[in-house]
Every structure is written in C-alpha cells, then in structure tokens.
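Where a number appears in this text, it was derived from the coordinates with a stated rule and is not lab data. Note that this is a predicted model, so its numbers are computed, not measured. Every residue, glycine among them, receives a Cβ derived from its backbone with ideal geometry; neighbour counts consider all protein chains shown.
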Amino acid sequence: MIVYALGCEAGHVFEGWFGSSADFAEQQARGLLACPECDSREVRKIPQAPAVARQAGRESHPLERLRAAIEAACDDVGPRFAEEARARHAAAERGETVRGAYGQASAEEVRALLDEGVPVAPLPFRPRSAADA
C-alpha cells in the first residue's frame, strides 16, 4: 500500500491509499478521485515528508547488529583490554582456541599492542553504559 497526501483545488488536504503508484495515476486519469470535503475532482498529490519505515528495536540498525554479533562472539574485558589482548594473542600463537575480546585501552596501550604484533582495531561504537543494559 502507498499513502499519498492529496489536495484539491480548494486547498483541502487529505490522504489517499493506493495499491501502487500506477493505481493512483489510473484513478486520477479516470476522474475517480474526489475531495472528501467538497467533492472536487481536481485532485493532485501534494509534497509531504518521506515516510521512513522503522523496524522494531534498535537492533535493526547495522551498527546495533554488529554490536550484537561482537557481544555474542567476544568477551567484554573492560579496562583490562591490553592485558587480555596480549594473553589471548599468545594463546592463539600457541595454537589454542581463544575467544575474541573487546574493552577499553588508552592510545599508548593500543600503540604498544600494535608494536608487539597484537592485532587490535577500534570499534565503531561506544561501550554500553549501565543505563543501556
């Protein structure tokens, strides 16, 4: 269904629901559209703000889906990130299976990890606050 904002020559504004834009054009061409207030047949589409479909919940946003995937596959180690990253990298180098980790690190800690060959990357979102939980 498509909802159009419609108007007549007298300035009345109303909605029209159509199966498709072609349905609107056909009904308009055949003179089947009429203003509900004055019955004018001079009906046209009028500008309106675009309707943006919203999906339920924030998790529908791509960043929220990414966050959910990271949270499911990795451990939040908070401010211990640098220490945990080193330990998990060493375990992986020994052939052990390790889960990923995410948390907070200072710029100096990140530089040191990269210099040591520990792969790290910034996440495109902030850590959750207690209010988000």
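Taking the chain as the reference, fit the longest principal axis to its C-alpha atoms, fit the long axis of helix 81-93 to the helix C-alpha atoms, and give the angle between the two in degrees, 0 to 90, nearest 10.
Orientation of helix 81-93: about 70 degrees from the principal axis.
In the chain, what percentage of the DSSP-assigned beta bridges are antiparallel, given to the nearest 5? The partial results should precede the final answer.
Working: 9 of 13 bridges.
Once the DSSP bridges in the chain are tallied, antiparallel ones form about 70 percent.
Based on the mean of other Cβ atoms within 10 Å per residue, sort peptides 77-89, 12-24, 101-113 so the most packed one is first. Before the final figure, lay out the partial values.
Values: 77-89: 17.0, 12-24: 12.9, 101-113: 15.2.
Sorting 77-89, 12-24, 101-113 by mean packing, highest first, produces 77-89, 101-113, 12-24.
Which of rounded, prolate, oblate describes the range 58-115, given a ≥ b ≥ c as roots of the alpha-carbon gyration tensor eigenvalues and a/c under 1.5 marking rounded, otherwise prolate only if a/b is larger than b/c? List each step's numbers first, then the result.
Numbers: a/c = 2.67, a/b = 1.49, b/c = 1.80.
Oblate, because a/c is 1.5 or more while a/b does not exceed b/c.
Among (1) 14.7, 45; (2) 28.3, 81; (3) 18.5, 65, only one was calculated for this model; which label is it, if the read-out is Rg and Dmax of the Cα atoms in Å?
Correct label is (2).
Mind checking which of Trp17, Ala5, Ala29 is farthest towards the positive end of the range 2-45's charge dipole, using Cβ charges of +1 (Lys, Arg) and -1 (Asp, Glu) about the Cα centre?
Farthest along the dipole direction, towards plus: Ala29.
Report, in deg cm²/dmol and to the nearest 500, the calculated mean residue ellipticity at 222 nm for the chain, where each DSSP H run with n ≥ 4 adds -39500 (n - 2.57) and the sum is divided by the residue count.
Calculated mean residue ellipticity at 222 nm is -9500 deg cm²/dmol.
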